[in-house]
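J.: Mind looking over this structure? Questions follow.
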Amino acid sequence: MEINVHHQVLAAIFVIAAVLGAIVNKTNFCTMGAVSDWVNMGDHGRMRAWLLAMAVAMGGVALLEITGVISIGGETFPPYRTASFGWLRYLVGGAFFGIGMTLASGCGNKTLVRVGAGNLKSLVVLAVAGVMAYLMLWTSFYEQLFHPWVSATTIDLAKHGIASQELGEVIAGVSGLPSSRVFNSAIGAAIALGFLVFVLCSADFRSSFDNLLSGMAVGLAVLAGWYITGGPLGQAWKEYAEFATVVPSRVQVQSYTFVSPMGDSVRYLLNPGDLSLINFGVVALCGLIAGSFVYALAVRSFRIEWFVSWQDFANHAIGGALMGVGGVLSMGCTVGQAITGMSTVAVGSMFTFVAIVAGAAATMKYQYWRMLQED
């Protein structure tokens, strides 16, 4: 079989995801854990690692865009900078995802890493989330249950003279200032610098190798995804797809996200003979599991885990369903929106991030209250 640019892109995405899977397994990077540590113990270590990943990705994107190395624009998957600002879908979907990841003991990223490490509970979560994401993406499920109210509450920013929901564009449109790539990138760089200062002002965080490594690794992986698909290789990839006899799936500028790929993976498994369905997200998902699996074997931490009760099973299954629905509804997860989306400085990504944290924190508080009532 001839190795073409499509194979090169997918191979690069797989390798980066595999390295990321090993690092996340090693460092215990977990966004649900970050919220839990903060809410239950007042520990901000993993939350700062999450913010560090955002800062690295956001600052990197600002630099690459202003220098013309990459061009993200509005034609990404998902469409982070779209002028269609569905504020309610971001809030509801983010809250669903936050609740779901708490019940399922981890976000999409962590679920995949745990699958690689032998956790069969996470495999059930992956299966349920994948099926629900498939229904949202590839059936009439979304159109029937969500599209009417999403459409009714979506604001067309273009009608107000705002080209996209990138924060710089919104500020320029509201204030009357002229918008430009320089201005927009400066806004992103300033936010990234603020996050970086906040993160590194903690001596405890600076002394934690694992938190520093995980935040840097996740941020750089997201940046690499943007560079591969939005740079020269990505342009060649899109040109290849335009003339391909069988057009590959999702040949768009994009970076790492882990809920829509679950739905795309189910779609491929239902049509295993159609190799064109193996896309960026599918290989990223497989790469993350593979990297975690290899690391778990190498350090002898691979362990088979199963549910301790039917209640445990129900919580994880419901959590997986909410993650699948919420992740697609909000157009991303704690990586896909809260890091990849945030790197584009899209206002919708900011809404989703806040909603995910709020949903997770409220669920944790409720679980703690229930535990006290049972005692």
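J.: Hey, could you check the stretch 170-186 for residues that are in contact (Cβ under 8 Å) with a residue 60 or more places away in the chain and surrounded by 20 or more Cβ atoms within 10 Å (Cβ to Cβ) and say which is nearest to Phe85 (Cα to Cα)?
T.: That would be Val170.
J.: Being over 22 Å from Val124 (Cα atoms) and either in contact with a helix residue (DSSP H, G or I) (Cβ under 9 Å, 6 or more places away or on another chain) or at pLDDT 95 or above (or both) is true for just one of Ala314, Ala360, Ala321, Ala346. Which residue is that?
T.: Checking each option against the conditions leaves just Ala346.
J.: Give the stretch 31-71 a look and list any residue that's in a loop (DSSP other than H, G, I, E, B), surrounded by fewer than 22 Cβ atoms within 10 Å (Cβ to Cβ) and of a type in the set (Val, Ile, Thr), or say none.
T.: Within the stretch 31-71, Thr67, Val69 qualify.
J.: Just to be sure I understand, how many residues within the stretch 250-295 are of a type in the set (Gly, Ala, Ser) and surrounded by fewer than 22 Cβ atoms within 10 Å (Cβ to Cβ)?
T.: The total comes to 3.
J.: Determine which member of the set Ser207, Ser202 is in contact (Cβ under 8 Å) with a residue 60 or more places away in the chain and either farther than 24 Å from Ser84 by Cα or touching a Lys or Arg at 6+ places or on another chain (Cβ under 8 Å) (or both).
T.: Ser202
J.: Determine which member of the set Gly106, Gly74 is on the phi > 0 side of the Ramachandran plot and not in a helix (DSSP H, G or I).
T.: Residue meeting the stated conditions: Gly106.
J.: With the condition kept exactly as written, say whether any residue in the stretch 226-249 is surrounded by 14 or more Cβ atoms within 10 Å (Cβ to Cβ), among the hydrophobic types (A, V, I, L, M, F, W, C), free of Cβ contacts under 8 Å to residues at least 60 places away in the same chain and farther than 23 Å from Thr352 by Cα.
T.: no
J.: Let me ask something additional. Could you say whether any residue in the stretch 273-286 is hydrophobic (A, V, I, L, M, F, W, C) and more than 22 Å from the chain's Cα centre (by Cα)?
T.: yes
J.: Which condition breaks for Ile356 when tested against (1) more than 30 Å from Tyr227 (Cα to Cα); (2) surrounded by 24 or more Cβ atoms within 10 Å (Cβ to Cβ); (3) not small (Gly, Ala, Ser)?
T.: All conditions pass for Ile356, except number (1).
J.: Look at the stretch 297-324 and say how many of its residues are assigned to a helix (DSSP H, G or I) and either within 23 Å of the chain's Cα centre (by Cα) or among the aromatic types (Phe, Trp, Tyr) (or both).
T.: The total comes to 12.
J.: Cβ contacts < 9 Å: first residue touching a residue at least 60 places away in the same chain (Cβ under 8 Å) and crowded, with 16+ Cβ neighbours inside 10 Å, restricted to the stretch 135-158; second residue among the polar types (S, T, N, Q) and assigned to a helix (DSSP H, G or I), any location; separation 6+ or different chain. Result?
T.: Met136/Ser260; Leu137/Ser260
J.: Something else now. Only helices (runs of 4 or more DSSP H) wholly contained in the stretch 180-249 count here; list those with 2 or more residues that are within 19 Å of Ala53 (Cβ to Cβ).
T.: 181-200, 203-206, 209-230
J.: Quick one: in the stretch 58-83, of everything that is of a type in the set (A, V, I, L, M, F, W, C) and within 16 Å of Leu167 (Cβ to Cβ), which residue is modelled with the lowest pLDDT?
T.: Ile72
The values are calculated or read from the model by the stated rules, or taken from the named source; none is laboratory data. Keep in mind it's a predicted model, so treat the numbers as computed, not measured. FYI the Cβ positions are ideal-geometry reconstructions off the backbone, even for glycines, and counts take in every protein chain you see.
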